[in-house]
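Structure, as structure tokens:
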Ligand code: MOS
């Protein structure tokens with residue numbers, strides 16, 4: 001998610017654990033918890049309904065908010081009548097641009113290390129409308145129903161201004177070079193267009209992907225109060241620290257005057273950041289002098305929270321008769337707004353997927369007047385691999401080659417664009433293991449060659465790749481008590497994927513404690529450091545910080561141990577932790593328990609806080625998670641209906657820390673990929689920029705009956721250059737899935753569908 005973070009690196013002392021590729025000792029030792037299928041520690045509370053989510057927190061004297069949304073894509077508010085709403089029962093406040101407090105626009109994501117605004121538009125500060133769905137008024141009332149009713153009484157008229165809501169019009173206005181997190185989305189090696197023309201075999205097609213809206217099961221909301229001039233938001237967040245910092249800027253507060261808590265999140269996928277509702281809610285709370293609950297309806301999430309944007313991608317590949325790739329061209333456009341900075345970076349996976357003699361990769365952006373698009377699970381890679389991996393499949397037809405063979409044949413021995421060595425890349429093993437387990441050898445290479453009654457049956461495959469990141473700024477605080485318990489504090493997030501459990505496992509192994517002696521505190525901007533649950537990097541960021549804090553803790557323990565200890569004179573590098581004790585690594589008889597050290601030092605506890613090392617590994621290696629996805633579909637020859645019969649994900653993501661939560665992450669990603677392949681599409685009214693299907697009744701996602709048993713396997717080969725040997729697993733799951741489905745549909749029917757979703761009308 002954040003590659004630009006690399007630019008800010010400061011080189012560290014050469015003896016720090018990562019720059020030279022020195023493996024963290026933890027990953028080569030035997031472990032207690034790591035690698036075990038441990039159930040989520042937060043699971044019981046959630047199943048019991050005892051976990052309190054942000055929109056369930058009750059505050060004294062609280063009022064409920066309801067938002068009114070603009071109905072034109074661009075222009076000005078001409079008249080805005082709020083008197084009837086103000087006079088409605090239970091209403092405490094109606095806030096519009098006319099009475100909202102003055103606020104700074106949020107810094108757009110990437111504009112500074114802490115800015116996380118999805119756009120840099122001012123929020124409710126003037127009469128201007130920038131998208132169809134923009135909040136124009138908020139009503140506060142004693143109950144949600146009173147607020148919703150009063151909101152319905154607001155009358156507004158507009159003075160429309162020219163707008164761009166048609167893709168053809170946006171394209172005609174010209175495109176601009178895409179820049180993602182400060183880096184241009186442009187790579188050229190050799191003359192790929194010339195190589196393409198010369199190539200004996202080639203494919204050259206356009207692929208299209210639609211808008212997608214975010215649909216976490218928990219709609220966005222917050223419970224907000226001002227206490228002694230400080231802003232406290234119980235939020236659902238995947239970025240508490242950065243959200244607090246951005247809100248401090250918006251309201252002109254000192255950083256310590258904003259606190260965001262977020263202990264539980266009902267799904268994020270990139271959407272649980274800062275949007276207009278927290279800002280409007282906080283402003284209204286300040287104006288009314290009362291705490292505010294602002295909880296978006298499902299429609300509200302569609303109006304206010306951006307998602308994935310439209311892409312049109314050209315993939316052209318040239319190859320020799322033996323399948324060697326001579327030209328790889330992946331270019332195209334992503335649609336954006338004039339006020340955000342998230343061009344769907346669909347070329348990222350193509351940078352390292354295959355060796356080729358020449359490359360031309362670029363993303364250009366065009367602008368439309370719409371809701372700011374944002375991160376959505378594997379932004380770039382999810383849609384980019386649909387195009388790339390469909391085109392590779394098309395090339396296999398052209399060459400008469402097996403899709404797995406062609407991919408293995410073009411396996412690069414180093415990163416084709418950066419030239420860096422791969423830190424750990426075992427995709428060929430993943431392909432072979434996956435093909436074997438799936439029964440790929442039974443596939444008929446002839447499209448339409450397998451019919452079972454009304455059903456045409458086909459198999460397809462695709463690869464996925466998603467970068468390994470580790471953002472700087474993560475910190476951890478470890479407190480060890482004389483009772484032998486450890487408290488780990490990290491400004492991290494639990495969105496249901498198992499982060500708090502995995503953090504406890506990693507800390508327990510580091511400290512040589514059982515997992516039930518470890519308590520993890522997280523989801524609070526008051527905790528030092530900034531960790532984002534994004535870019536599939538949270539676990540690595542936490543791990544790096546826990547390692548640093550643990551080293552500092554051991555240093556303190558050795559100091560406290562003093563000369564009377566069997567550990568006297570030892571340095572941090574000479575000891576490890578085991579069974580609640582520090583142990584000399586090469587002479588385990590020399591040991592002393594934490595309790596004994598603390599007792600002799602007359603201490604109840606010891607605390608260490610440290611930042612994780614700079615992520616210098618990213619400068620030395622090309623680092624990625626990898627997948628090979630295999631899929632079997634049935635396409636009904638009469639109705640065009642597609643059923644996914646079987647799907648297998650074979651992953652290469654370094655060491656898998658917790659097989660149980662990891663399997664669930666992979667499956668969730670694959671399910672989202674099935675939706676992307678077959679169902680998900682935001683219906684955008686091109687006349688007025690209105691989203692027409694803002695509900696789960698009309699915006700289709702897979703339900704249980706759409707999802708077959710999902711088989712998941714992995715290589716489990718530790719990467720020696722990451723904390724704990726792990727790579728990210730949050731986003732790789734969706735990547736490649738849409739192409740695997742599309743390729744299976746081609747194999748079943750002989751029909752190549754190049755625009756998502758593959759609905760039945762495209763197959764008849
Ligand atoms: Mo993710 S799209 O980085 O939450």
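Laboratory data are not the source of any read-out in this text; all were calculated from the coordinates shown. Quantities reported herein were computed from a predicted structural model and do not represent experimental measurements. Cβ coordinates were reconstructed from backbone atoms using ideal geometry, including for glycine residues, and neighbour counts include every protein chain displayed.
Based on the Cβ-Cβ distance from residue 355 to residue 166, what FRET efficiency comes out when R0 is 25 Å, to the nearest 0.05? The partial results should precede the final answer.
Details: r = 40 Å, r/R0 = 1.59.
Using R0 = 25 Å, I get an efficiency of 0.05.
Between segment 186-218 and segment 645-672, how far is it from one alpha carbon centroid to the other, in angstrom?
26
Can you sort 714, 226 so the residue with the fewest Cβ neighbours within 10 Å comes first?
Details: 714 24, 226 18.
In increasing order of surrounding Cβ atoms, one gets 226, 714.
Taking a point 7 angstrom from the Cα of residue 144 along the C-beta vector, which residues in segment 688-703 have backbone N less than 18 Å away?
In segment 688-703, the label zone of residue 144 (backbone N under 18 Å from the point 7 Å along Cα→Cβ) covers 695-697.
Output the peptides 692-703, 231-242 sorted from most to least packed, where packing is the average of other Cβ atoms within 10 Å over each peptide's residues.
Working: 692-703: 14.5, 231-242: 26.8.
So the order, starting with the most tightly packed, is 231-242, 692-703.
By how many nm would the segment from residue 764 to residue 428 lengthen if fully extended, with 0.36 nm per residue of separation less the alpha-carbon distance?
Details: separation 336, 0.36 × 336 = 120.96 nm, distance 3.63 nm.
That works out to 117.3 nm of additional length.
Hey, with R₀ at 41 Å, roughly what FRET efficiency would residue 660 and residue 254 work out to, going by the Cβ-Cβ distance, to 0.05? Let's see the in-between values first.
Working: r = 42 Å, r/R0 = 1.03.
Using R0 = 41 Å, I get an efficiency of 0.45.
In nm, what is the difference between 0.36 nm times the number of residues separating residue 436 and residue 230 and their Cα-Cα distance? Mind dumping the intermediate values first?
Working: separation 206, 0.36 × 206 = 74.16 nm, distance 5.91 nm.
Gain on extension, residue 436 to residue 230, equals 68.3 nm.
Highest first, please rank the peptides 473-486, 543-556 by the mean number of other Cβ atoms sitting within 10 Å of their residues.
Details: 473-486: 21.8, 543-556: 24.3.
Top of the packing list down: 543-556, 473-486.
Where in segment 189-212 is the amide nitrogen less than 19 Å from a point lying 7 Å along the Cα-to-Cβ axis of residue 321?
Answer for this model: 196-203.
Using only DSSP helix segments of four residues or longer, with each worth -39500 (n - 2.57), what per-residue ellipticity at 222 nm results for the chain after dividing by its residue count and rounding to 500?
Details: 18 runs with 188 residues, N = 764.
It comes out at -7500 deg cm²/dmol, rounded to the nearest 500.
For a paramagnetic label modelled at 7 Å from the Cα of residue 206 toward its Cβ, which residues of segment 144-168 fall within the zone defined by backbone nitrogen distances under 20 Å?
Of the residues in segment 144-168, 164-168 have backbone N under 20 Å from the label point off residue 206.
At q = 0.06, 0.09, 0.12 Å⁻¹, what log₁₀ I(q)/I(0) does the chain have when each alpha carbon counts as one equal point scatterer in the Debye sum?
Listed by q, the Debye log ratios stand at -0.38, -0.85, -1.37.
Roughly how many nanometres apart are two label points built 7 Å out from the Cα toward the Cβ at residue 620 and residue 189?
Simple spin-label model gives 2.2 nm for this pair.
Can you compute the modelled spin-label distance between residue 599 and residue 514, with each label point 7 Å from Cα toward Cβ, in nm?
2.0
For the pair residue 755 and residue 700, how long in nm is the line joining their label points, each one 7 Å along Cα→Cβ?
Spacing of the two 7 Å Cα→Cβ label points: 1.7 nm.
Place the peptides 107-119, 75-87 in order of packing, highest mean first, counting for every residue the other Cβ atoms within 10 Å and averaging per peptide. Write out the running numbers ahead of the final one.
Values: 107-119: 20.9, 75-87: 15.2.
Packing order, densest peptide first, comes out as 107-119, 75-87.
Any chance you could check the Cα centroid distance between segment 75-134 and segment 697-764 for me, in angstrom?
So the separation of the two Cα centres works out to 38 Å.
Using Cβ contacts closer than 10 Å as the measure, can you line up 324, 704, 626 from fewest to most?
Numbers: 324 15, 704 6, 626 30.
Ordered from fewest to most neighbouring Cβ atoms within 10 Å, 324, 704, 626 come out as 704, 324, 626.
For residue 217 and residue 111, compute 0.36 nm times the residue count separating them, minus their Cα-Cα distance, and round to one decimal in nm.
Details: separation 106, 0.36 × 106 = 38.16 nm, distance 2.99 nm.
That pair, residue 217 and residue 111, stretches by 35.2 nm at full extension.
Return 422, 386, 359 ranked ascending by Cβ neighbour count within 10 Å, so the fewest neighbours appear first. Let's see the in-between values first.
On the way: 422 19, 386 32, 359 22.
Listed from fewest to most nearby Cβ atoms, that is 422, 359, 386.
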